[in-house]
Amino acid sequence: MGYFKRYLLAVLGAFTCAAILLTYPSFKSNLGLRLLPYQRNATESTEQPFLHWPPPSTDANPSDFKHTTIPGGAHVHGFTVLDNIYLRNGTFYVVTMDRSTFPPRNRLLSRPIKRGSKNMEPTDEASHRHLQFISPEEVTDLLGTSITNIEGVSVIVYDPAEFVKHFYHWFGEIILGLWRVYSHISLDPHRAPTALPSPRRFILPFIEKEEWRDRAGMDGPLMRAAFPAAAIEESGYWKDLARLCTTVVFERIILVNRDSAHRHPFGGVWFKMIAGTMNVSAPPDFWAPVRTSLWRNTLGTVPVLKNTIHRPPLVTYISRQGSGRRLVAEDHDALVTALRALEVDGVCEFRLAVMERMTLREQIELVSRSTILVGVHGNGLTHQLWMPPSPLSATIEILAPNGYVFDYEILARNMGHRHYAVWNNTFLTYSPGTYHKGVKYSDGFHGIIPAHGPTVAGIVRDRLSGFVPVG
């Protein structure tokens, strides 16, 4: 017991000394202590942290329903940016005081039907079942008093899978077209000069079982790289919103519809979904955010072109010799020989690419370093989306003689690459503001195509010398 008493007295003595010392300001300052009384933070809550998240649904008064707008006038047939648009039971509602300030319904969307379907109705015109224009006075009666808010940018591709599940149609038309129209907002002089927020979700209301994916397996992984934070939702998501039996308000959507896009006057000239978007002004290199994100998330870095005397520009020939549409075998060999001769002369580096034998990362890495892409008309030329623009960049597309389509010319114009259409030993190229007249599928367009190797090599040599060859 004597030991215990001595121990207890020692402990009490230590506490007493500490209490005395802490009464001296000089000791406290040397010790670095600040003994402050506890004050409750005005923002502190006794609720659990997860309860701080705003509830998804709220009771609303008519005044809570903001009017629908098209920010910055970002619209062309089939591509429309809409702020504060409402959805209930699968029907869009545009709330506006003035119906005339919006485009007609058929320029926004159409009935989502498959071409050639046995159940196809006489018209694919959208009706009030798909989209309605309503006044603020009608809001409560039609939309009720309960709102579910979906924040951020949502891309809604209002199409069946028919023309979605293809590398060119998905990236070269849908994504490129919507991004050009969306980027138009950046030109609004009243808008703060900040980067446009990336989409949080892509919604495919009429597609299920991942039917949006292309056969080559490009679209899926490239979407994850270009838009890493975005979800891709299918018809189940759309049905879930309908089953809520409430009104959903999207903060901002980019509405895309192929049939409406083809209604543009240019649609009957170029016969491409994105034809009308070429009439929408956009910032120079508007595609840079998408391209850079894809580079960074595929390669781990952003490539820098170094065209110096020590490392000449890279020319990549994308071979299609294993597919139906391809070059005459002898012409393919002669083309490779002619392009390799340029490398020997120090004009360029040369790479022969067979994309189906390369990993996706290898494909992107090669194109990201390229200055000129050469290839027969086909899906591989969609890769020019990932080739950096420069005063020398170009796409050389080999077509069946006298045949012409605008698929890859439109891509080149959007990217800032010069486009050349090669017909065997002749070629065509068009300056900004001028275009080829008409579309033509000539004999052998989808078959075995001739190409004069020295002609293609001549285009490359002249282009890399800074001279713009004219056919």
Please go through the stretch 308-332 and give me each residue that is closer than 11 Å to A451 by Cβ and not aliphatic (A, V, I, L, M), ordered by number. Y317, R326, E330, D331, H332
Any idea how many residues of the stretch 421-432 are out of contact with any Leu (no Cβ under 7 Å at 6 or more places or on another chain) and within 15 Å of F406 (Cβ to Cβ)? 4
What do you reckon, is S431 part of a loop (DSSP other than H, G, I, E, B), within 30 Å of P221 (Cα to Cα) and of a type in the set (S, T, Y)? no
Could you list, ordered by first residue, the pairs with Cβ atoms under 8 Å in which the first is in the stretch 76-98 and within 16 Å of R252 (Cβ to Cβ) and the second is buried (at least 23 other Cβ atoms within 10 Å of the Cβ) and small (G, A, S), at least 6 apart or interchain? F79/G177; F79/A261; F79/G276; T80/A74; V81/A74
For R340, are the conditions met, namely being touching a strand residue (DSSP E or B) at 6+ places or on another chain (Cβ under 7 Å), under 25 Å from G217 (Cα atoms) and charged (D, E, K, R)? no
For D331, state whether it is crowded, with 19+ Cβ neighbours inside 10 Å, of a type in the set (D, E) and assigned by TED's automatic domain parsing to the domain that holds N149. no
Tell me the residue from F171, F167 that is closer than 22 Å to L255 by Cβ and of a type in the set (F, W, Y), please. F171
Lone qualifier among T371, T298, T277 - being in the same structural domain as P197 (by TED's automatic domain parsing), touching a Leu at 6+ places or on another chain (Cβ under 9 Å), in contact (Cβ under 8 Å) with a residue 60 or more places away in the chain and not in a loop (DSSP other than H, G, I, E, B): T277
Could you tell me which of the residues S260, S198 is under 24 Å from T382 (Cα atoms), surrounded by 21 or more Cβ atoms within 10 Å (Cβ to Cβ) and polar (S, T, N, Q)? S260
Could you tell me whether the stretch 208-223 includes any residue that is in contact with a strand residue (DSSP E or B) (Cβ under 7 Å, 6 or more places away or on another chain), exposed (fewer than 15 other Cβ atoms within 10 Å of the Cβ) and either part of a helix (DSSP H, G or I) or in contact (Cβ under 8 Å) with a residue 12 or more places away in the chain (or both)? no
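The values are calculated or read from the model by the stated rules, or taken from the named source; none is laboratory data. These numbers were taken from a predicted model, which means no experiment stands behind them. Positions of Cβ are generated from backbone atoms using ideal geometry, with glycine treated the same way; all protein chains shown enter the neighbour counts.
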